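Worksheet: one structure, shown below.
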Amino acid sequence: MRRKEYTKKVYAGDASKLKIGVVVSRFNSDITEGMLEGTLSVLREWRVQEKNIFIVHVPGSFEVPMGCVQLIRAKKLHAVVALGCVIKGETKHDEYIASAVTQGIMNVMLGYNVPIGFGIITTNNLEQARVRSRGTANKGREAALAVLEMSSFSA
């Protein structure tokens, strides 16, 4: 169940001068590509120029923090959106991956002073992941909105 404050309309600002990176995990790509679509729709709504959107795909969620570092260094970005999907399995592997990715993204964000929208979803099953990668519950959209808001402090 979603809280009402998350369903409120957020009005697009002008991010036309920003350079934004998007790092997308290929693992669970049926989920992450939907999240990427959500991210890109928000960036377009906020008028980020196509030439200023840099997308890289990495093997899995574990590699997302390194992808963020490489994009920040190469493109001198104002912000990054990190997208990945970790689905619980029969072991605790998902917990270790989710924890490492979360800490890695935080370290990159603070170390480079570049906002990173956290679009790494962790779910108990594939159906939960599908819900969070589409429509109004799309976590790619939410991560993009968060990073654009954070970028407004430094732009």
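Listed here are the residues, each with its yes/no results for (1) touching a strand residue (DSSP E or B) at 6+ places or on another chain (Cβ under 6 Å); (2) surrounded by 12 or more Cβ atoms within 10 Å (Cβ to Cβ); (3) assigned to a helix (DSSP H, G or I); (4) free of Cβ contacts under 8 Å to residues at least 24 places away in the same chain.
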site: Ala15; (1), (2), (3), (4): no, yes, no, no
site: Phe62; (1), (2), (3), (4): no, yes, yes, no
site: Pro65; (1), (2), (3), (4): no, yes, yes, no
site: Cys68; (1), (2), (3), (4): yes, yes, yes, no
site: Thr102; (1), (2), (3), (4): no, yes, yes, yes
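Among residues of region 90-127 being under 20 Å from Met35 (Cβ atoms) and over 17 Å from the mean Cα position of the chain (by Cα), the one that is modelled with the lowest pLDDT is Asp94. In the set (1) under 24 Å from Glu149 (Cβ atoms); (2) loosely packed, with under 13 Cβ neighbours inside 10 Å, Lys92 fails one condition alone, (1). For region 70-89, a residue qualifies if it is surrounded by fewer than 23 Cβ atoms within 10 Å (Cβ to Cβ), hydrophobic (A, V, I, L, M, F, W, C) and over 18 Å from Gly111 (Cβ atoms), and exactly one does: Ile87.
Ala82 meets the stated requirement of being among the small types (Gly, Ala, Ser), in contact with a Pro (Cβ under 9 Å, 6 or more places away or on another chain) and not in a helix (DSSP H, G or I).
Of the residues making up region 128-155, those that are modelled with pLDDT under 95 and crowded, with 21+ Cβ neighbours inside 10 Å number 1.
Being modelled with pLDDT under 95 and either of a type in the set (Val, Ile, Thr) or touching a Cys at 6+ places or on another chain (Cβ under 6 Å) (or both): is that true of Thr32 here? When the stated conditions are applied, Thr32 does not pass them.
The values are calculated or read from the model by the stated rules, or taken from the named source; none is laboratory data. Please read all numbers here as calculations on a predicted model, not as lab measurements. Counting neighbours? That spans all protein chains shown, and the Cβs are built from the backbone with ideal geometry, glycine included.
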